[in-house]
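Working notes, beginning with the structure itself.
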Amino acid sequence: MNSMWIWMKSKLGLSIMISMAVIISIFSVVTIMSRDNSNNIEPAVSEVNTDNKQIPQPVPVSATAPPLEEEVPLTEQHVGEWINEAVWTGYHLSPSEEGEVSIKFDHTADYASVRRKMNIGNENQLALQFVNLNQSITHLELYLRGDKKQFVDDANGGYWLYHEAFVGDYKAEGSQKETVRLTYDISGALSELHGNLSDGVQLVMMIESHPNSTASYDRKGEMIVQSVTLTTKANEAKRTVFHENTIMPWRTDGGYKLSVQNGRTLISYDNPTDYANVSAEIKNHNKAYSFLKLVLERGDRSTENITVKLLGTNGQEGYDVIDLTKINTDTFVYEVDTIAVNTMIGKLARVELFIDSNPLNEPTNRKGKLTIASASLMKAATQQAAEVSVPPSKGKGVTIDAWNTAGGYTIQQKDGSTHVSYKNDGLSDYANIYTTVNHHAKEYGNLTITFDRLDHSAENVLVKLLGANGEEGYGVINLMDYKESVVNYEMDIYATNPRIDRVVKMELFIDSSPLLPTKDRTGELKIISVSFSKVGSQPPKKPQPSDEEMESNEEMIGIWKTDGSYTLNPRKDGTIEISYKNMGRSTYENVYSTISGHSAEKKYLRFTLKNLDSASKHVLIKTIGKNGQEGYGLMVLKPNATTDYEMDVYSANPDIDVISRIELFIDTSSEAGADLNEGKLEILDVSFDENSRNDNEEEVKELTIGEWKTDGEYTLNAGKDGSIDISYESIGRNTYQNVYSAISGHSKEKKYLHFTMKNLDGTSKYVLIKIIGKNGKEGYGLMVLKPNATTDYEMDIYGANPDMDIIAKIELFIDSSGEAGADVNRGKLELLAVTFANHSSLEEEEVPSTDLEQHHPGPGTSNPPIVDLKGWGTDGKYALKANSSGHITVTYSNVAKNSYANINRSIDNHTAAKKYLQFSIRNKDHTSKHILVKLIGANNQEGYDVMTLEPDAVTDHEIDVYATNSDMDTLKRIELFIDSSGDATADTNAGSLVIESYALAEVSNTTPPVVQPGLDLGDWATPGGYIITNGENGSASVSYSNVGKNTYANIYSTITGHSETFKYLQLSIHNHDSSTKHILIKLIGENGQEGYGVIRLEPNLITDYELDIYAANPGIDRLRRIEFFIDSSGDATADANSGSLEIVSYAISEDSNTPPQVDPLEMDSAQLAD
């Protein structure tokens, strides 16, 4: 159970902290307990079960509890290792000679607790022994608490969410011994808290403070805690085995009485607390059985409504509501498709029934009886359920209560209208007026609000609708678009959010949303009427914009919200900062926004996100159309960088309607980088456009096959050589469990997909291969693995589906498709290689792996090869190709760090005089590469050297053979371990490079070169944020939009052939805009030293600029790279910047263009006279 701490202010100004549990979605892990005659409590079942203790909302608690006999603390109280928050809890701690602490309490607050610091190592058993004085303690609950999870700010000062896990409870029944010893297995609780214990562990004890159990105690008592001890107990081999789709017995946390007769669960209740429920655990759910069926017997028909909550093993939730007031039969068959409720829910873990206890459903009589005759899971709906007759609505009209406010507005009711006024100094962000909506039904999907603008001072209204299932919908009224005083605003409720249930509450944020532009937060308006009508019952009415604003209307991207554990910090410039901690892979928590006004012409959805820390992030983007269709895209954020991403919403799903909602799964999808993730990022911009910004530029990406993962019952083990061992014990035919990998950087030229797999046992295996394009199209292939054999398989991607876009994902259904050999399968195989290729391996080989003739002449000569180097070969992880110039292209994917895969070649006729091995290698990628060079002599002596290839650059590298090992004989072999040694950057690597030359020479080429008349200044490029058109001789046009200050987005140029004599960087830059620009210049030398300069570009002018490289940093070596941070450094004028400029000329010269400067203090009188 997670708990939240709410800081409140009392009349005395004291900080009072109230501990209470969160409403929905936060669960505790409970070990089922049984009691013996000696009051020892032991686990009855060793399996961890999930409890369902939930609190709907913060409960106000008085700060002045009835006084105890002794003085009580007003602030936090410590006795030994025990902690009491403050007076409001109702507890008082004091030292005791009989044990650790004495605890007295009178009138405990809801969810109050005392805590004890724990030092837990490898122990898995906790024993609590206490003296129950006068048998006054009738109930307590124990939890383990870990780190803080999230701070939630609110009007009361805010509260913390913590990571907590339920341990067990104690309930006194009948005559009890005065001394009570309780023993608990805490291994399950510690497992749940794994990764969230950096701040240590605390034992939390709630003594007679749970509100759902108030009938059993008086909240008064006294106890002496004698000891809390930790021990280690070996896990017993006992394990409860459940059949597939087992629904456990129904249970309750209070508020209901349950009895079981002949397998039927009889439920009675009398005024249960809000959100009390009955629940049942589900064991070994098979996702194919997605329909939950309940047969309910209504008896006296007293039950009005049931909220059904479905919980997945991945933490996903789904909700549905049964309105029994519309049912005219005594027996009702209820069926729900769990996938339809929430497509992400996966396997079910539990179902909860809130029977007349959900206040949002407005039950009028919280007393009744109900029988659950049966509960089951099915593959499809039954005919019986389809025939249930549901009578029409009883005809209650939709009404709303009087408008109210929590502050900031003055409301006056007059003549049936509501007058609202407000002033800037009293209106906080997100202040609102609100009303309760009564008797709404989903068929009434049109909302109409009629306003009188009065003095036309109100500028905009954000409309928020809350459904009975917790879903929300939004609309925006720009009152400045209207000329007339009386405005009729219409809203299609289910276009804003198709999943919203009947509306139960409406909120109006009048000029208070920081995300909507408002000149002055002072104004007034009148709400004349609010009405709901059926869809299509009225002709559509749209706002009439003014003529001058007719061109500026755009779709509205609503407030970003979260259904998970993200912290969202909206800024007034429209950007959003998002932070999170301990986000689990495949939990699919997300942030989302409701979209209004989108049109199909604007098919390109653009994102600009800034990663604020040093780990990559994976953002799964989900678009939802008005028709419920969905599309997906994947955005990978590089460390400490701003990333632009564009998504063609209709390529992602051609059937999608106009977009009504966007969801971002930030490090919570299956593509997340780790099992648990944390980080911080900014949403800088989200927009739609008719035109792609990639229409005029070719995007170059590195082809990457991502980490192999599974959503099924396969076990995956990655080998050091990049291979994957896959084993499985009980995979069913037609279950379609799979292993999968996300693909990035694929291009249509690479139309062939190659697999190499090794079957490690004696039965054939059937692997259904599914490839998924970026546009959602799919293609299939079938690979049959013979027993104990290695099989190669080639798939023509566009032969499988000609409509396929570039590949985004591969899924392998190993013995789980309809082609599987048996109903239940087990096995083991090895995935050795997966590669893409331009040409079929079945065609004639055009790339020999040997006898690649090298024609690199010696320095300054046109001689034949210096030495005969035999053809390069590979151990299988690299693909080699030679061109007519002798250049050798090396490509690779899934090369593992420390696998020591290599390319190699033998050497003939080497002589010791030729002691310098010289390479010139071009790195074709945007990431550094590391090559371990191994030299082997004729006497088998070895020498080693390492070369690092900078991104998008040519690296010249020379090795003195005998400096690596003076005992080396003449060379017989060279091996290059490309991104496969311990120096590799990542655990798995992919890339492409070109060996442009290699030679053995007598003379070193590292002596200072003769200065050449010109330099090779590379074209300008960018990792993101700018659009560049390169011209001749270093000139370029650069444009950009929404480049953030301090983001350090940049453009860069790679330099080759620089000499220290060329010391002046000379630039001429034309600012095309009417605003000043700032460019931070970064110079990077071959030795890694850096120098800096700053250019200020005046509006609409050409600026000439010169920088003395060695004045910027005397320690800098020959220049290898220049970076321009255009309006992205701390010198930028605004937080977000846009503009256009032209680099007219760019050169590095030996001579300065700037006249020498003379210090006036050193001038003599003659100079001054001149």
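Look at the range 466-478: where a residue is surrounded by fewer than 20 Cβ atoms within 10 Å (Cβ to Cβ) and a partner is among the β-branched types (Val, Ile, Thr), sitting 6+ places away or on another chain with Cβ atoms under 6 Å, you get Glu471/Ile500. Taken over the range 906-946, the criterion of being in contact with a Lys or Arg (Cβ under 9 Å, 6 or more places away or on another chain), of a type in the set (A, V, I, L, M, F, W, C) and either assigned to a strand (DSSP E or B) or closer than 23 Å to Asp987 by Cα (or both) is satisfied by Ile907, Ile921, Leu935, Ile936. Of all residues in the range 1063-1101, those satisfying the criterion of being surrounded by 14 or more Cβ atoms within 10 Å (Cβ to Cβ), without any contact (Cβ under 8 Å) to a residue 60 or more places away in the chain and among the hydrophobic types (A, V, I, L, M, F, W, C) are Ile1079, Leu1080, Ile1081, Leu1083, Ile1084, Ile1095, Leu1097.
So, Asp425, is that one free of Cβ contacts under 8 Å to residues at least 12 places away in the same chain and not aromatic (Phe, Trp, Tyr) or not? Show your work before the answer.
On the way: free of Cβ contacts under 8 Å to residues at least 12 places away in the same chain: yes; not aromatic (Phe, Trp, Tyr): yes.
When the stated conditions are applied, Asp425 passes them.
Residues of the range 306-322 include at least one that is in contact with a strand residue (DSSP E or B) (Cβ under 6 Å, 6 or more places away or on another chain), free of Cβ contacts under 8 Å to residues at least 40 places away in the same chain, over 30 Å from Tyr736 (Cβ atoms) and of a type in the set (Val, Ile, Thr). If the condition is being surrounded by 15 or more Cβ atoms within 10 Å (Cβ to Cβ) and outside any strand (DSSP E or B), then the range 1032-1047 contributes Gly1034, Ser1035, Lys1045, Thr1047.
Quick check on Val278: is it outside the structural domain of Pro498 (by TED's automatic domain parsing), at pLDDT 90 or above and crowded, with 16+ Cβ neighbours inside 10 Å? Reasoning before the result, please.
Values: outside the structural domain of Pro498 (by TED's automatic domain parsing): yes; at pLDDT 90 or above: yes; crowded, with 16+ Cβ neighbours inside 10 Å: yes.
Spelling it out, Val278 is indeed outside the structural domain of Pro498 (by TED's automatic domain parsing), at pLDDT 90 or above and crowded, with 16+ Cβ neighbours inside 10 Å.
Of everything listed in (1) modelled with pLDDT of 90 or more; (2) out of contact with any Leu (no Cβ under 6 Å at 6 or more places or on another chain), the single unmet condition for Lys828 is (2).
Filtering the range 535-551 for residues that are at pLDDT 70 or above, more than 18 Å from Asp685 (Cα to Cα) and not in a strand (DSSP E or B) leaves an empty set.
As a summary of the residue check, Lys233 satisfies the conditions (1) at pLDDT 85 or above; (2) among the basic types (Lys, Arg); (3) not in a strand (DSSP E or B) except for the one numbered (1). Residues in the range 925-942 that are touching a residue at least 60 places away in the same chain (Cβ under 8 Å) and either surrounded by fewer than 18 Cβ atoms within 10 Å (Cβ to Cβ) or at positive phi (or both): His926, Thr927.
Looking across the range 505-520 at every residue that is in contact (Cβ under 8 Å) with a residue 60 or more places away in the chain and surrounded by fewer than 21 Cβ atoms within 10 Å (Cβ to Cβ), the one that is nearest to Tyr319 (Cα to Cα) is identified as Lys505. Checking Gly991, Gly982 one by one, the residue that is assigned by TED's automatic domain parsing to the domain that holds Lys881, in contact (Cβ under 8 Å) with a residue 60 or more places away in the chain, outside any loop (DSSP other than H, G, I, E, B) and not hydrophobic (A, V, I, L, M, F, W, C) is Gly991 and no other.
Return yes when Glu555 is modelled with pLDDT under 80, more than 23 Å from Ser660 (Cα to Cα), surrounded by fewer than 19 Cβ atoms within 10 Å (Cβ to Cβ) and not small (Gly, Ala, Ser) and no when it is not. Full working, then the answer.
Numbers: modelled with pLDDT under 80: yes; more than 23 Å from Ser660 (Cα to Cα): no; surrounded by fewer than 19 Cβ atoms within 10 Å (Cβ to Cβ): yes; not small (Gly, Ala, Ser): yes.
No.
Here Ser862 clears all of (1) modelled with pLDDT of 55 or more; (2) loosely packed, with under 12 Cβ neighbours inside 10 Å; (3) small (Gly, Ala, Ser) except the condition numbered (1).
Select from the range 1109-1140 the residues that are without any contact (Cβ under 8 Å) to a residue 24 or more places away in the chain and buried (at least 21 other Cβ atoms within 10 Å of the Cβ) and list them in ascending order.
Result: no residue meets the conditions.
Scanning the range 185-199 for residues that are polar (S, T, N, Q) and at pLDDT 80 or above yields a total of 1. Listed by position, the strands (runs of 3 or more DSSP E) inside the range 704-754 whose residues that are buried (at least 18 other Cβ atoms within 10 Å of the Cβ) and of a type outside the set (Val, Ile, Thr) number at least 2 are 724-732, 739-744. Taking the range 773-792 as the range and being of a type outside the set (Lys, Arg), free of Cβ contacts under 8 Å to residues at least 40 places away in the same chain and surrounded by fewer than 17 Cβ atoms within 10 Å (Cβ to Cβ) as the test, the residues that pass are Glu778, Tyr780, Leu782, Val784, Pro787, Asn788, Ala789. The set of residues in the range 647-684 being over 18 Å from Met804 (Cα atoms) and more than 18 Å from the chain's Cα centre (by Cα) consists of Asp657, Val658, Ile659, Ser660. Of all residues in the range 943-971, those that are polar (S, T, N, Q) have Cβ atoms under 7 Å from Cβ atoms of residues that are outside any strand (DSSP E or B) and surrounded by 17 or more Cβ atoms within 10 Å (Cβ to Cβ), 6 or more apart or on another chain, in Thr970/His910. Does Asn775 count as at positive phi and in a loop (DSSP other than H, G, I, E, B)? Criteria not met by Asn775.
On the given criteria, is Val767 more than 30 Å from the chain's Cα centre (by Cα) and buried (at least 21 other Cβ atoms within 10 Å of the Cβ)? Here the answer is yes, as Val767 does meet what is asked.
Listed residues Lys786, Lys720, Lys765; which is among the basic types (Lys, Arg), closer than 24 Å to Gly821 by Cα and out of contact with any Asp or Glu (no Cβ under 9 Å at 6 or more places or on another chain)?
On the way: Lys720 fails: closer than 24 Å to Gly821 by Cα; Lys765 fails: out of contact with any Asp or Glu (no Cβ under 9 Å at 6 or more places or on another chain).
Residue meeting the stated conditions: Lys786.
The values are calculated or read from the model by the stated rules, or taken from the named source; none is laboratory data. Computed from a predicted model, the values in this text were never measured in an experiment. Note that each Cβ is placed from the backbone with ideal geometry, even for glycine, and that neighbours are counted across all protein chains shown.
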